[in-house]
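Take a look at the structure below.
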Amino acid sequence: MLDMTPEQWRDKLVADLAARQADITRRRNYYDGKHLHPLAPKTDGDEYLRLAVLGEANLIPNIVDAVVDRSHPDGIMLTGKVAEDAAEWERMWHGNGLETTFPMVFEETVKVGWAYTMTWPDDDSDVGVSITGEDPTECIVGYHPADRRRAEANLKRFVAGDGAARTEYVILWTRTGIYYWQRSLTEPAGELWLPSGGSSGQWRLWGGPDDGEPVRDNPLGDLPLDEFTSKPKLYGPIQPEISDVAIRTTDRMNLRMFNSVVLGEHQAYPQRVALNIEIKTDKNGNPINPLKSGPDRVWTLNQDPETDAAAQITTLTAADMTQGINVLRFDIQLLAMQTRTPMYELAGDLVNIAEDTVKALGVSHVKKVRRHHANATDPLQGIVRKYHLARGNKDLAARANEAIVQWADPELRTMNERADAATKLTSVGYPFEAVASKAMGESPTEIAKLLEQKAAESVLGLLGGQAVSDPEDMQKRITSMKLLIDAGVTPTSAAEQVGLSGLEFTSGNA
């Protein structure tokens, strides 16, 4: 077990991946609104199903999206140089479209418990590296039995083909090798996983998507997958936001909603009742309703000749819906407490509430979001490490585990609050970069741009306030001068090299 062969890893990880499928599908269904419906006699048929669907109270997406919408990585501190770190982050992040891919990865993580990214060298990419989001029903990471943080193998499994002519493909990565297998599937179409004791073809080597060698060296020298997990625990299981408790509460809410829908369908309005009257029939023998309403109608009723009781009309009052609504409101409050989601994300009757109340309702939620950010730090560092490995920057790759991932502030703050905090931090001596990040919530990329603008203002001051005919050209010159100074060139020499000779610097910096 401590020294497993590739074939042993393949069999173990395929089995572990199969064991996850039902749980992942169940949580995805609840997010997508495909819930279990309350049980009823089979004779109720389509009409019952229609009412059951109308009774779905799907607040599950609100719980997940409330976390995802407050989770945006802004950058990473790797070299300690703001401009350099920001430029490298932009190259990696936007060069791989992660501004759209990462929210999907993070959503899947908090939704079902797992999600993955794959980082791999790619000569066709503008940045030389491909970083993609991966489906947790297809990918899995194998860890060392004695070290839950030490990944030993990665596996991706997928199926191609239609009907009975389907093939299962597996790719296994270790730090030194890549292995490709395939086998024929013989289970019924639509079933992606063999049931226990089912049959399939034997594994055989496969040449990979490019039809190459079935066993190859790993050019990255590392495992390509990074695993994002939702609130992992020491004893093993993860805890997605769509927890079993949240699902049970949702099932109960669906039952209450269904009861309310049925009640509304049949008793939401008063019912008129006529007693001891003669019922007329049409030519087919069907009874005719004698109580049709209208602005110009007058009811005249004939007493039933077969009874001595007087004809009469009475009314059944409409059902009282408020009790069911109040119980449903309690369930919504309970769901908010169970998932630590602010009530204003789930309930629509919170109006005209004070700003302090909004913040108080969100305190526990913000702490939960920050915990998700902490859990995502290791895989984000892993992406950075593999990105630099693939680009041949071994020094930066070695420092990736010490990098600081910077997230956008998940707490709701007004601009007045931020400005006040910035003023106070500046007054006690905080540097500009810290004030811009901590108080104003600016991303490293934006801070780098602000520093360039401040440098431009300083140069304009050195120029004695002279008008600049081409501000864009001046900005480029200032940026180039700053890079030269960071590289060790004296300020005076750097200014001359970019065509800004004549600038006067302080004696200590010239």
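Taken together, the values in this text are just the output of simple stated rules run on the coordinates, not laboratory data. Nothing here was measured: the structure is a model prediction, and the numbers come from that model. Here the Cβ is made from the backbone with ideal geometry for all residues, glycine too, and neighbour counts use every protein chain on show.
Calculate the length of the line joining the C-alpha centroid of the range 89-148 to that of the range 274-336, in whole Å.
62 Å
Where does each of L205, L185 land when they are ranked from fewest to most other beta-carbon atoms within 10 angstrom?
Sorted ascending by nearby Cβ count, the order is L205, L185.
Pull up all non-local amide H partners of E152: gap of 5 or more, or a different chain, and H-to-H distance under 5 Å with H placed in the peptide plane.
Amide H to amide H, under 5 Å and 5 or more residues apart or across chains, E152 pairs with G142, Y143, H144.
Kirkwood hydrodynamic radius, computed over distinct alpha-carbon pairs, for the chain: how many Å, to one decimal? Intermediate values should be presented prior to the final figure.
Numbers: mean 1/r = 0.0345 Å⁻¹.
Answer for the chain: a Kirkwood hydrodynamic radius of 29.0 Å.
Whole-Hz ³J(HN,Hα) for each residue in the range 146-157, computed from phi via Karplus 6.51 cos²θ - 1.76 cosθ + 1.60 with θ = phi - 60°, x for glycine and proline: what do you get?
9, 8, 5, 9, 9, 6, 10, 7, 10, 9, 10, 10
At V53 and R329, where each label point lies 7 Å from the Cα along Cα→Cβ, what is the point-to-point distance in nanometres?
Here the answer is 3.1 nm between the modelled labels.
Which order do the peptides 435-447, 303-315 come out in when sorted by mean C-beta neighbours inside 10 angstrom, highest first?
435-447, 303-315
Just to confirm a number: summing +1 for Lys and Arg and -1 for Asp and Glu over residues other than P103 whose beta-carbon lies under 13 angstrom from that of P103, what do you get? Let's see the in-between values first.
Working: positive: R70, K111; negative: D65, D69, E99, E107, E108.
Around P103, the surrounding residues sum to -3.
Put +1 on the Cβ of each Lys and Arg and -1 on the Cβ of each Asp and Glu in the chain; which of Y179, P232, Q202 then has its Cα farthest toward the positive end of the dipole?
P232
Among V273, N29, N352, flag the residue with its Cα farthest along the positive direction of the charge dipole of the chain, charges on Cβ as +1 for Lys/Arg and -1 for Asp/Glu.
Sorting the options by dipole projection puts first V273.
Post the alpha-carbon centroid distance, the range 217-259 to the range 360-416, in whole angstrom.
Cα centres, the range 217-259 to the range 360-416: 20 Å.
Past the 29 Å Cα-Cα mark, which pairs from K359/K386; K424/K454; K156/K449; K111/K424?
K359/K386; K156/K449; K111/K424, as the Cα separations exceed 29 Å there.
Going toward the positive end of the dipole of the range 52-194, with +1 on Lys and Arg Cβ and -1 on Asp and Glu Cβ, which of N154, H72, W93 do you reach last?
It is N154, whose Cα lies furthest towards the positive end.
Taking the Cα centre of the range 1-94 as origin, sum charge times position over the Cβ atoms of Lys and Arg (+1) and Asp and Glu (-1), and report the length of that vector in debye to the nearest 20. Present the calculation step by step, with values, prior to reporting the outcome.
Working: 12 positive and 17 negative charges, 63 e Å.
It works out to roughly 300 debye.
Rounded to the nearest 20 Debye, what is the dipole magnitude of the chain about its Cα centre when Lys and Arg each give +1 and Asp and Glu each give -1 at the C-beta? Can you show the working numbers first?
On the way: 54 positive and 74 negative charges, 252 e Å.
Around 1220 debye, computed over the chain.
List the lysines whose alpha-carbon lies under 19 Å from that of K280, not counting same-chain residues fewer than 8 positions away?
Filter leaves K292.
Output wanted: per-residue J couplings in Hz (rounded whole) for the range 229-243, from phi through Karplus 6.51 cos²θ - 1.76 cosθ + 1.60, θ = phi - 60°, x for Gly and Pro.
Coupling constants for the range 229-243: 10, 9, 6, x, 10, 4, 8, x, x, 8, 9, x, 5, 7, 7 Hz.
Subtract the Cα-Cα distance of R175 and R297 from 0.36 nm times their separation in residues, and report this length gain in nm to one decimal. Numbers along the way, then the final one.
Values: separation 122, 0.36 × 122 = 43.92 nm, distance 8.68 nm.
So the chain would gain 35.2 nm between R175 and R297.
Listing V170, V428 from the residue with the fewest other Cβ atoms within 10 Å to the one with the most, what is the order?
Least to most surrounded, the residues fall as V428, V170.
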